[in-house]
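Q: Got a structure here, written out as structure tokens. Questions coming.
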Amino acid sequence: MSRPRVFVARVIPDEGLRPILEACDAVVWPDELPPARDELLRAVEGCDGVLTLLTDRVDGELLDAAGPQLKVVSNFAVGFDNVDVAACTARGVAVGNTPGVLTETTADLAWALLMAAARRLPESERYVREGRWRTWGPMTLLGPDIHGATIGIVGFGRIGQAVARRARGFGMNVIYQNRSAVEPAVEAEFEATGMPLEELLPRADFVSIHVSLSPETRGLIDGEKLSWMKPTAILVNTSRGPVVDTDALVDALRRGVIAGAALDVTDPEPLPADHPLVALDNCLVVPHIASASFATRDRMASMAAANLLAGVRGERLPTPVNPEVYG
């Protein structure tokens, strides 16, 4: 029997790539940058399975380019806002993702951003490198305390709760907003209090965002919401860039509406080096590295490969996004 034909849209860790290469006739996109749209459409033609990243838009056009033999789209991510799941389901194409694997690693990064922004670590590092450190100064690079402060967590799912666990270790007061009810036992575990955004934002010293991107959350943090925050508050976003209105954030940071922001995700992404956010001392931007630990990326690769291989074999995906495709 001929081996399944698959396209892997970027080089992934060997934990996932090796089993794919052993079992399939695989083409792996070798470049650091993702394939251009026309190259992607050509690459998927005739494939039984495709392993995609968030940078690869999977829609009706791509599904048509792949052809009727396409069985599976395995997304190397927890999120899948780059995939038209309904279009896949209508064509009988299973969609997989990598849920649960990056909860703690993402929470680690959110916490690192919060601490770095609060204690102004990027500014301090530049201060030394630029030769400006001449003496100890009682007013030099002051920032807010983290311990004992109030953290507002927007989106109280697995990652939001993992951030709350870290916050409790710092003696922080935890408040949260979530679109669905949270179990009383979970609230009790973190001594957390739920409330709407119009109450949370004015109370929080730090706001950490952990919602998925949807029509309801796109632009969730806009100019009005930023104006509700304390002028001393810091905004942290490790969810999706479009959840925050970029222009409104630039304006709020410039005018001192809020004290600072720390972003793992941006809109647009990647953020150009000459973008206004990059030039602001009170904005810390890193290049979407929330899951960038060796162990987490290895696990993501293994899960994505398992979904891909199950799909091309006609088996149920271990972690399907659209289980309804199985009838």
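Q: Can you give the local net charge around Phe190? Use residues other than it whose beta-carbon is closer than 9 angstrom to its beta-carbon, Lys and Arg +1, Asp and Glu -1.
A: Values: positive: Arg165, Arg168; negative: Glu187, Glu189, Glu191.
So the surrounding residues net to -1.
Q: Can I ask one more? Treat every Asp and Glu Cβ in the chain as -1 and every Lys and Arg Cβ as +1, leave all other atoms uncharged, and give the resulting dipole magnitude about the Cα centre to the nearest 20 debye. Display every interim value, and only then the final one.
A: Details: 31 positive and 43 negative charges, 135 e Å.
Dipole of the chain, to the nearest 20 debye: 640 debye.
Q: A further question follows. Taking a probe of 1.4 Å, how large is the accessible area per residue of the range 190-327, in Å²?
A: Numbers: 6160 Å² over 138 residues.
I get 45 Å² per residue for the range 190-327.
Q: If you take mean projected area of the Cα convex hull in nm² from the coordinates, which of (i) 16.7; (ii) 18.7; (iii) 20.5 do you get?
A: (ii)
Q: Just order 257-267, 313-323, 54-64, 120-130 by mean Cβ neighbour count inside 10 Å, highest at the front, would you?
A: 257-267, 54-64, 313-323, 120-130
Q: Follow-up question, since we're still on this one. Report the gain in length on full extension from Thr135 to Asp274: 0.36 nm times residue separation, minus Cα-Cα distance, nm rounded to one decimal.
A: Numbers: separation 139, 0.36 × 139 = 50.04 nm, distance 3.21 nm.
The Thr135-Asp274 span can extend by a further 46.8 nm.
Q: Rounded to the nearest 500 deg cm²/dmol, what is the calculated helix-only ellipticity per residue at 222 nm for the chain, with -39500 (n - 2.57) per DSSP H run of length n ≥ 4? Could the numbers behind the result be given before it?
A: Values: 13 runs with 120 residues, N = 327.
It lands at -10500 deg cm²/dmol.
Q: At 0.36 nm per residue, minus the direct Cα-Cα distance, what do Val11 and Glu32 gain on full extension? Give it in nm, one decimal, please. Don't skip to the end; give the middle numbers.
A: Numbers: separation 21, 0.36 × 21 = 7.56 nm, distance 0.82 nm.
Difference between extended and current length: 6.7 nm.
Q: Between 0 and 90 degrees, rounded to the nearest ten: what's the tilt of helix 246-255 against the longest Cα principal axis of the chain?
A: 10 degrees
Q: A further question on this structure: With a probe of 1.4 Å, find how much accessible area the range 82-127 has per residue, and write the answer as a whole number in Å².
A: Numbers: 1710 Å² over 46 residues.
The answer is 37 Å² per residue.
Q: Compute the signed sum of charges (Lys and Arg +1, Asp and Glu -1) over the other residues within less than 15 Å, Cβ to Cβ, of Val95.
A: -3
Q: How large, in percent, is the carbon and sulfur part of the accessible surface of the range 81-141 at a probe radius of 1.4 Å? Could the numbers behind the result be given before it?
A: On the way: 1880 of 3400 Å².
Ligands and nucleic acids excluded, carbon and sulfur reach 55 percent.
Q: Rounded to a whole number, what % of the accessible area of the range 8-70 do carbon and sulfur atoms account for, probe 1.4 Å? Don't jump to the answer; show the numbers that get you there.
A: On the way: 1590 of 3010 Å².
Carbon and sulfur together cover 53 percent of it.
Q: To the nearest 10 degrees, how steep is helix 103-118 against the longest Cα principal axis of the chain, on a 0 to 90 scale?
A: 30 degrees
Q: Now for a different question. Let me know the shape class of the range 32-81, please: from the alpha-carbon gyration tensor, a ≥ b ≥ c as square roots of the eigenvalues, rounded when a/c is under 1.5, otherwise prolate if a/b is greater than b/c, or oblate.
A: Working: a/c = 1.80, a/b = 1.23, b/c = 1.46.
Note, shape of the range 32-81 comes out oblate.
Q: For the range 196-327, with all protein chains present and a 1.4 Å probe, just round the carbon and sulfur fraction of the accessible area to a whole percent.
A: On the way: 3120 of 5900 Å².
Accessible surface attributable to carbon and sulfur in the range 196-327 totals 53 percent.
Q: Cα axis of helix 158-169 to longest principal axis of the chain: angle in degrees, 0 to 90, nearest 10?
A: 30 degrees
The values are calculated or read from the model by the stated rules, or taken from the named source; none is laboratory data. Predicted model only: the values in this text are computed from it and were never measured. Cβ: placed from backbone, ideal geometry, glycine included. Neighbour counts: every protein chain shown. Areas reflect the complete protein model, heavy atoms only, side chains present, ligands, DNA and RNA absent. Shrake-Rupley method; radii C 1.70, N 1.55, O 1.52, S 1.80 Å.
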